[in-house]
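Asker: Can you read through this structure? Questions will come right after.
The values are calculated or read from the model by the stated rules, or taken from the named source; none is laboratory data. As the structure is a computational prediction, the values presented were derived from the model and not from experiment. Glycine also receives a Cβ, built like all others from the backbone with ideal geometry; neighbour counts cover every protein chain displayed.
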Number of protein chains: 2
Amino acid sequence: MGAVRTKRKPRAVREQQMLDAAVQLFGQRGYMAASMDEIAERAGVSKPLVYLYLNSKEDLFSACIRREATALTEAVRSQVRPDMPAERQLWEGLRAFFTHTAQHPEGWAVLHRQARTQGEPFADEVAAVRAEFIAFVTQLILAAARDGVFCARGDTGPGERHEPALPEHEAAGFAEALVGAAESLAAWANATPGVTAHQAATTLMNFAWAGLGNLMEGRAWSPPAA
Amino acid sequence: MGAVRTKRKPRAVREQQMLDAAVQLFGQRGYMAASMDEIAERAGVSKPLVYLYLNSKEDLFSACIRREATALTEAVRSQVRPDMPAERQLWEGLRAFFTHTAQHPEGWAVLHRQARTQGEPFADEVAAVRAEFIAFVTQLILAAARDGVFCARGDTGPGERHEPALPEHEAAGFAEALVGAAESLAAWANATPGVTAHQAATTLMNFAWAGLGNLMEGRAWSPPAA
């Protein structure tokens, strides 16, 4: 593409190029170390144009966080259909999560490491996305608990509503554990050669579902006598 | 105590007062927002004395990280004896972890949130402590796997050595998941009224042990057919 054609690109295309370059540099080097000069150079645009479109380094970083958070959330939600059994929803969701974080390691680094390390406004944006994930997983676990009650009781027909076997705040605890485990494993999988998204998702299902699965069938773990 | 007696306190005591005040303020407000003036005031010493003893705000923060990391590590290790069965080690370790983080919420905030949010030297110190925890939990899971093989085979006497049933890199994956889940749950428990350390530890055992326990007995979770 010649310089003349490049100049005619619409704003949306240019912005995506800037965000692509920014996510790469922020993810690899960190927010402080990445310079607007480098970002402009890698995006193939002038620095004034970056400021014109995205205003400041802070706003550019916020735009990166929003874009990467939206992409990750959509990647997971697109694979999880509410008509699937809860176990399948969890498996498909985890597989989509680890596949996306493996394919977009810089985007994941921006969300998981860089955004948290740059103080309030950025950390708050990531915390809001995380809270949405937690709420989503909590509902999934409550749905699984209802399935579990259904199996165990066997006294109601298909499609009938059940009260959850698990109080909501306990389900929220499991969701916190699951999301924390997934975050930790995604960073580990990206840093460990030979660990695939499929393996990471299987590890977490083995860790989490077999445990939750037991619980749903009334086989709770209990502490040893003191 | 009068002012004259206070002046005679040995350096070690004064340093602990400074660190106590610093951990509180860093944990509550964050590294940037906490001022050396406030830290000195809360410690009941002059600001020059804080600089004399601890050199700079950076060094004071590093000292806080090291002290809180050591305290947490010792709290966990003191409750975990290698002669306990692996399940018991995990339970006692988790209970000690959640008890300590509940009793020292500012110390936990310094390690989990503040230290990670202030860039390289601090984040690296926390990463090193985390890596030690991961290694400790990995060995624990490998020990559990050996117990599992022992139970399943039943062909060797007590005290005989077994090869682990689980490859080390898989155990490392479970350890990453477990530590990530514990970190996430500790922050949640501290932010959620009414969640006790005992409950948080039980939630994680239900989540993790029942799952790992299944696995150790050869009941791995397997993905649904595509």
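Asker: In the stretch A:10-63, what count of residues is obtained for those that are farther than 17 Å from A:HIS104 by Cα and part of a helix (DSSP H, G or I)?
Answerer: The number of residues fulfilling the criteria is 26.
Asker: How about the stretch B:184-198: which of its residues are closer than 16 Å to B:ARG95 by Cβ, within 17 Å of the chain's Cα centre (by Cα) and not hydroxyl-bearing (Ser, Thr, Tyr)? Let's see the steps before the verdict.
Answerer: First pass over the stretch B:184-198, keeping only residues closer than 16 Å to B:ARG95 by Cβ: B:185-186, B:189-190, B:195-198.
Filter once more, so that each one left must be within 17 Å of the chain's Cα centre (by Cα): B:185-186, B:189-190, B:196-198.
Correct list: B:LEU185, B:ALA186, B:ALA189, B:ASN190, B:ALA197, B:HIS198.
Asker: Right, here's the next one. What are the pairs, 6+ residues apart or on separate chains, where a residue within the stretch B:177-199 that is more than 7 Å from chain A (Cβ to nearest Cβ) has its Cβ under 8 Å from a residue that is of a type in the set (S, T, N, Q) and not in a helix (DSSP H, G or I)?
Answerer: Close Cβ pairs satisfying both conditions: B:ALA189/B:THR196.
Asker: Got at least one residue in the stretch A:162-173 being at pLDDT 90 or above and either on the phi < 0 side of the Ramachandran plot or surrounded by 18 or more Cβ atoms within 10 Å (Cβ to Cβ) (or both)?
Answerer: Step one: list which residues in the stretch A:162-173 are at pLDDT 90 or above, which gives A:172-173.
From the residues that got through so far, the ones that are either on the phi < 0 side of the Ramachandran plot or surrounded by 18 or more Cβ atoms within 10 Å (Cβ to Cβ) (or both) too are A:172-173.
Yes, the stretch A:162-173 contains at least one residue that is at pLDDT 90 or above and either on the phi < 0 side of the Ramachandran plot or surrounded by 18 or more Cβ atoms within 10 Å (Cβ to Cβ) (or both).
Asker: In the stretch B:92-109, is there at least one residue being free of Cβ contacts under 8 Å to residues at least 12 places away in the same chain and within 14 Å of another protein chain (Cβ to nearest Cβ)?
Answerer: no
Asker: Need the failing condition index for B:VAL4 against (1) at pLDDT 90 or above; (2) more than 25 Å from the chain's Cα centre (by Cα), just the number.
Answerer: All conditions are met except number (1).
Asker: Can I ask one more? Return the residues of the stretch B:88-111 that are of a type in the set (D, E, K, R) and out of contact with any helix residue (DSSP H, G or I) (no Cβ under 6 Å at 6 or more places or on another chain); say none if nothing qualifies.
Answerer: B:ARG88, B:GLU92 - these are the residues of the stretch B:88-111 that are of a type in the set (D, E, K, R) and out of contact with any helix residue (DSSP H, G or I) (no Cβ under 6 Å at 6 or more places or on another chain).
Asker: Inspect all residues belonging to the stretch B:88-111 and state whether any of them is surrounded by fewer than 18 Cβ atoms within 10 Å (Cβ to Cβ), at pLDDT below 90, of a type in the set (A, V, I, L, M) and closer than 30 Å to B:ASN214 by Cβ.
Answerer: Checked against the condition, which is being surrounded by fewer than 18 Cβ atoms within 10 Å (Cβ to Cβ), at pLDDT below 90, of a type in the set (A, V, I, L, M) and closer than 30 Å to B:ASN214 by Cβ, the stretch B:88-111 yields no hits at all.
Asker: What number goes with the only condition from (1) facing chain A (nearest Cβ under 7 Å); (2) at pLDDT 80 or above that B:ASN214 does not pass?
Answerer: Here B:ASN214 meets the rest and fails (2).
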